[in-house]
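This report refers to the structure that appears directly beneath it.
The values are calculated or read from the model by the stated rules, or taken from the named source; none is laboratory data. In this text the structure is predicted, and so the values were computed from the model without any measurement. A quick note on method: Cβ atoms are made from the backbone with ideal geometry, for glycine too, and the neighbour counts reach across all protein chains shown. These area figures cover heavy atoms from the full protein model, side chains too; ligands, DNA and RNA do not enter into them. Shrake-Rupley method; radii C 1.70, N 1.55, O 1.52, S 1.80 Å.
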Amino acid sequence: MRLTLTFAMLFAILSFSPSPILTFASGTSNNENTIRVPLERKWVITHPPPGPSPNGNLASRTNSATSCVNKQFLKSHVQRIAEKYHSTLAAYELNTGSPHPLSQVGSELGEGFLDNLTPGSHVSTLPAFKMAKRRRSDIDTTSDAPSTPNAPLGGAPPVSEVVQRRHTKRDDISLAEVNSNMWMGTITVGTPPQSFTVDFDTGSSDLILPAQSCDSTCDGHTRYDPTQTSSSTNMSTTFSMAYGDGSNVAGTQYADNVYMGGYEAVNQTLGAATTYSSSLQFPVFLPDGLLGMGFPTISVLRASPVFQTMVSSNALMQAVFGFALSSEAGKSELTIGGTNTNMYQESTLAYISVSLAAYWQIPLAGVMRGGLNGAPDVVVANKTSYAQAIIDTGTTLIVTSDSIAQQFYANVTGAKLDTDIGGGVWSVPCDTIGSLAPTLTFGSSNFTVSASTFNLGPISNGSTDCIAGLAGGGSSWWIIGDVFLQNVYTVFDVANTRVGFADLA
């Protein structure tokens, strides 16, 4: 595989819970006719502290001084994120007829990662020279690939992309982070609606749910039953995503009505999986399914993503969604159809054009950290690096190559690769980690990661070493996840294919 994503990382999963009230934004013109989804963050990326949870609810157990990083959970997410980029890069080539430019960029295997795999583990990546041979077989649907980049996805008549604003019945949703730094969100599908929790992910583009007919790999998840919804249509198209260990996600495509944040996407294509890979099985993966918010060209189903389906009918006032992710209570929300200008400082909003409309990929103008003990600043990327970055709400860490990560942690006393987790994850002394929080530059604007978000927690109970938020094990391009996104308001502008960052209010 041309890309080797063998980093051990978390992934941030946006979570809708069904109880709090959904409100319309007001105050400025940019807030009109948008839906604001309040987010509640509970930092439990770590093992919870000793003692029972209130009402037995894992989501209510917040981080404390007695918590430590859940290494096994982090390790399991090596597989999850690697699978995502493996399948979406393959889908891009299948959909366009050409390899994604990033798949041709040099990549690395995290030092010592293979030595640290436990029996039954696998790496869902392939060496670069094998990717060209495997790419077409990794993603399989019953339809042939389009012969040109502009050919319709899926080889079938486009599904109706009608979107209706639901005035009579609206989903009241909010986001709450639960076990192991997952943000899970509830959407509804079908007529009458069935509720599902999903990973709400800007690093992929498909809606995947477990089918009623799924085997035991879907146990613990709510299953989509097409026989219980009058709006479901079997598209008579199968899909399969194969991984390096021989496991796969496979099933049948359906079209059904999907409701998200008060908006309806009619005849939305979704994948009803009859088998789940190990990284999607409960309890390793808590949401029922996946909801991607990338662009159509990385769709494994070769279909319009849910948000683009909504945009296509011009039902939204703006083809924009925005995120504020914060560890402070009451400071987090998702806005659909625009931005909430009350959440950020408008004068600091900086837009960067998407380099290629597949991922939310933009140029990264710089990454640096302060020097320690009077040493000069450490610069690991600048404008002459021509670095590219994917803005990915489905990932927590900032991920780069092993060599760049080694440069970042060079001359930091006590910094070392965590061999238990593997995949390029580093630990550093807890009393030093705050001084290493990086500043990222997009365009001409600098955004500094806070010490609290950069520090993921101690490696064990009572340890003086902590897991840092920048990892190697990836490629020479970057994945920018929740460690950074908590520090800014992020605007995803579909209409103008650009990403915006602003300082939080």
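Mind listing the phi-derived Karplus ³J(HN,Hα) values for the range 431-441, rounded to whole Hz, using 6.51, -1.76 and 1.60 with θ = phi - 60°, and x for any glycine or proline?
7, 10, 4, x, 6, 9, 4, x, 10, 9, 10
Using amide H atoms built in the peptide plane, which far-off residues or other-chain residues are under 5 Å from His100 H to H?
Glu93
On the protein heavy atoms, probe 1.4 angstrom, tell me the percent of accessible surface of the range 344-503 carried by carbon and sulfur.
Numbers: 2500 of 5270 Å².
Carbon-and-sulfur percentage of accessible area, whole number: 47.
What's the local net charge at Phe282, with K and R +1, D and E -1, over the other residues with C-beta under 11 Å away? Don't jump to the answer; show the numbers that get you there.
Details: positive: none; negative: Asp219, Asp288.
Here the charged neighbours net out to -2.
Amide H neighbours of Tyr224 under 5 Å, counting only residues 5+ apart in sequence or on other chains, H built in-plane at 1.01 Å?
Amide H to amide H, under 5 Å and 5 or more residues apart or across chains, Tyr224 pairs with Ala211, Gln212.
At a 10 angstrom cut-off on C-beta neighbours, averaged per residue, how do the peptides 388-395, 313-320 rank from highest to lowest? Mind showing how you got there, number by number?
Details: 388-395: 25.8, 313-320: 17.8.
In descending order of packing, they fall as 388-395, 313-320.
Restricting to Cα pairs below 8 Å that are 6+ residues apart, what does the relative contact order work out to for the range 344-503? Please round to a whole percent. Let's see the in-between values first.
Values: 373 pairs, mean separation 52.3, N = 160.
Result for the range 344-503 is 33 percent.
Among 86-97, 478-489, 423-434, what's the highest-first ranking by average C-beta atoms within 10 angstrom per residue?
Numbers: 86-97: 23.8, 478-489: 26.5, 423-434: 21.8.
Order by mean packing, descending: 478-489, 86-97, 423-434.
Can you tell me the mean projection area, over all orientations, of the convex hull of the range 173-324's alpha carbons? Units nm², please. Let's see the in-between values first.
Working: hull surface 36.7 nm².
Averaged projected area of the range 173-324's Cα convex hull equals 9.2 nm².
If contacts are Cα pairs under 8 angstrom and at least 6 residues apart, what is the relative contact order of the range 233-387 in percent?
Values: 220 pairs, mean separation 19.9, N = 155.
Reported as a whole number, the value is 13 percent.
Determine ³J(HN,Hα), in whole Hz, for all residues of the range 253-269 in sequence, where each value follows from phi through the Karplus function 6.51 cos²θ - 1.76 cosθ + 1.60 and θ = phi - 60°; x replaces Gly and Pro.
After applying 6.51 cos²θ - 1.76 cosθ + 1.60, I find 8, 10, 10, 7, 7, 10, 10, 9, x, x, 10, 10, 10, 7, 6, 6, 6 Hz.
What residues qualify as long-range amide H neighbours of Trp478, i.e. H under 5 Å apart, gap of 5 or more or another chain, H built at 1.01 Å from N?
For Trp478, whose amide H was placed from the backbone, the distant partners under 5 Å are Gln388, Ala389, Ile390.
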